[in-house]
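Colleague: Could you have a look at this structure, given as structure tokens, before my questions?
Please treat every number below as a calculation from the coordinates, not as lab data. As the structure is a prediction and not an experimental result, all values here were calculated from the model. Reconstructed Cβ throughout: ideal geometry from the backbone, glycine too, with neighbour counts over all protein chains shown.
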Amino acid sequence: MKQIFRTIAMIFVLCLAASPSFSQTGKTETYPPIDSDALEQFGGPEGVRNWVESLFYYIMLDNRINHVFREFGNIERQIYLNTQLLQLVLGGNEVEYQGASMAAAHADLGITLTQFNAVVEAAYNACERIQLTYEACNLMIAGLAPYKHAIVTR
Amino acid sequence: MEEAKRAKFPVSKGAALVVAMLASGLSQAGWYDSGKVLATGGVSMIDGAGGGGITPWATITGYGTKEGINGDLHYTYAPLANYTLHSLGAAVGFWDRFELSYTSSALTTGSTFDTVGLVADTLGGVTGSLAGTPINTGIEPFNTTIEMESIGAKVRVFGEAIYDSDNLIPQIAIGGFYKNNKNEDLLKTLKADKAKDWEAYISATKIFFPINTLINITARYTAANQTGLVGFGGPDGSDKEIRPEISLAYLLRKDTVIGIEWAQHGDNLEGESVEIAGLDLTGLQPTLEALGLGNVSGTLTQHESDWYDVFVAFFPNKNLSITMAYAMLGNITITPDQHGFYMSLQASF
Ligand code: HEM
């Protein structure tokens with residue numbers, strides 16, 4: 001009995017410690033805050049999906065970074081998960097992020113700031129591709145930018 | 001002979017190997033980098049540092065990230081009402097941490113100082129031995145030019161201007177310039193205390209993506225008159241003071257930024273006249289009146305205004321930026337309303 005109790009307590013503590021690493025809980029808190037209609041500006045979940053697809057189109061065309069994704073990535077899975085993640089980041093609350101934390105997903109990749117910036121450039125290209133306004137695009141940049149600390153490890 | 005041949009061979013082979021290793025080492029160490037996002041290297045301000053147009057920012061010039069080195073060449077052209085500024089220089093950013101810059105500026109003054117020159121000639125002609133020596137005002141018969149060299153260094157201290165959208169901590173850099181103005185005679189005529197001096201600054205820069213805005217605030221510790229183009233200090237010496245500068249930029253597109261800037265200027269020479277052969281022109285009033293130049297000293301009073309500009313910077317690619325501005329520099333020495341076009345080109349590598 002004592003044993004079980006201890007195990008439950010330990011699992012609880014572990015979950016607490018691990019919780020930020022597998023649930024991206026919602027809209028990114030930025031200064032100033034991201035517009036409350038950011039997801040609508042992005043064209044809703046469909047618009048986000050379009051953007052993520054074109055993001056990976058541009059990533060895979062960029063010789064500075066495509067090899068990383070070819071070797072270590074799973075494009076289908078990443079498009080699926082990033083679509084969830086960006087909706088959350090922009091303030092959508094009808095979606096759950098089912099992937100790994102940014103730190104866990106990128107820990108072993110040794111990603112440089114130059115590579116991170118290449119993804120940002122692909123992100124801007126993707127915004128243009130789906131006819132998104134530059135202002136709406138910057139809401140996405142504001143929302144994802146803080147992940148730099150978890151993703152860039154070199 | 002045989003021995004020499006044998007001895008020579010390994011030496012040259014060794015040298016070749018060292019060169020090859022160095023070359024591959026350099027390229028493998030990746031000392032060159034252009035990994036910043038378009039436009040985030042900023043442009044070159046007139047003193048040569050990375051920044052806006054008239055204010056140094058906390059950003060390090062060029063497109064290098066912490067993984068490498070990147071530099072730029074810059075040229076600025078500002079034809080104002082009475083003066084034309086040309087400034088040409090180079091700057092290098094090291095690992096997005098440290099920046100060195102050199103800029104050489106030439107300010108042609110057209111006919112601005114012709115009246116002062118005329119007065120000096122007239123006084124010199126009449127009084128002959130006004131100060132016992134020939135009068136050297138630094139004013140040429142045609143298009144007097146002020147040349148100034150500016151050497152700058154900047155260190156990024158902490159903070160992240162771009163990606164830390166989840167906090168309000170700006171990127172902070174400290175830096176300084178050493179400026180050497182070459183027209184000492186003219187500066188003496190204009191009563192500046194020094195021709196060479198240093199200035200230091202601290203800058204805070206931050207981008208706010210949700211409102212597409214960049215804000216930079218700088219405090220410059222300086223005694224400069226018109227950034228040093230009119231020397232440093234005045235009749236009361238050249239004690240430095242802290243002067244604020246602000247740049248507000250709106251990110252219009254990923255390759256276009258518009259904005260405004262303001263830089264406070266000093267008053268070291270405010271209300272001062274000009275000085276000829278060690279004598280203040282106001283003191284020479286009786287002589288001038290006798291010569292029929294009675295109202296000259298009134299119009300030869302110096303003023304200095306804060307600088308303002310409105311700019312648009314265009315970044316067609318990472319190798320080139322074009323900044324165009326309307327500069328409102330107000331009073332410069334004895335001439336008011338120095339407003340006009342400003343263009344700055346930056347080539348990055
Ligand atoms: C803000 C920028 C970024 C975001 C939001 C992001 C998001 C994601 C997400 C949601 C995943 C899926 C995690 C999972 O499978 O559970 C992922 C995986 C991955 N990301 Fe990123 N990422 C970013 C930047 C980068 C950069 C700069 C690179 C490399 C240049 C990169 C390379 C990868 C790779 C290779 C994977 C697959 C890892 C694996 O499956 O083991 N990511 N990223």
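Colleague: With r defined as the distance between the Cβ atoms of B:V157 and B:D121 and R0 fixed at 56 Å, what FRET efficiency is calculated, to the nearest 0.05? Each step should come with its number before you reach the end.
Modeller: Working: r = 53 Å, r/R0 = 0.94.
Rounded to the nearest 0.05, the efficiency is 0.60.
Colleague: Cut-off under 16 Å on the C-alpha distance; same-chain residues fewer than 8 positions from A:K27 excluded. Which aspartates and glutamates are left, in chain and number order?
Modeller: Excluding near neighbours in sequence, the set is A:D35, A:D37, A:E40, A:E94, A:E96, B:D164, B:D166.
Colleague: Residues in segment A:39-65 near a label at A:N74, defined as backbone nitrogen under 12 Å from the 7 Å Cα→Cβ point?
Modeller: None, by backbone N distance to the label point.
Colleague: Given points 7 Å out from each Cα along the Cα-Cβ axis, report the B:D239 to A:D37 separation in nanometres with one decimal.
Modeller: Spacing of the two 7 Å Cα→Cβ label points: 5.7 nm.
Colleague: What shape does segment A:69-145 have by the C-alpha gyration tensor, where a ≥ b ≥ c are the square roots of the eigenvalues, rounded means a/c under 1.5, and otherwise prolate means a/b greater than b/c and oblate the rest? If you can, show how the numbers build up before the last one.
Modeller: On the way: a/c = 1.72, a/b = 1.18, b/c = 1.45.
Oblate, because a/c is 1.5 or more while a/b does not exceed b/c.
Colleague: Using 1/(1 + (r/R0)^6) with R0 = 45 angstrom and r between the beta carbons of B:D114 and A:R154, what's the FRET efficiency to the nearest 0.05? Spell out each step's value before the answer.
Modeller: Values: r = 61 Å, r/R0 = 1.36.
Plugging the Cβ-Cβ distance into 1/(1 + (r/R0)^6) gives 0.15.
Colleague: Using a simple spin-label model with points 7 Å from Cα along the Cα→Cβ vector, what separation in nm is obtained for B:S104 and B:D185?
Modeller: The answer from the label model is 2.1 nm.
Colleague: Further, regarding this structure: Quickly work out the B:H339-to-A:L61 label distance, labels modelled 7 Å from Cα along the C-beta direction, and quote it in nm with one decimal.
Modeller: For A:L61 paired with B:H339, the spin-label model returns 4.5 nm.
Colleague: Also: Which entries in B:K182/B:K318; B:K66/B:K154; B:K66/B:K179; B:K206/B:K318 show an alpha-carbon gap greater than 26 Å?
Modeller: The pairs that break the limit, which is 26 Å between Cα atoms, are B:K182/B:K318; B:K66/B:K179.
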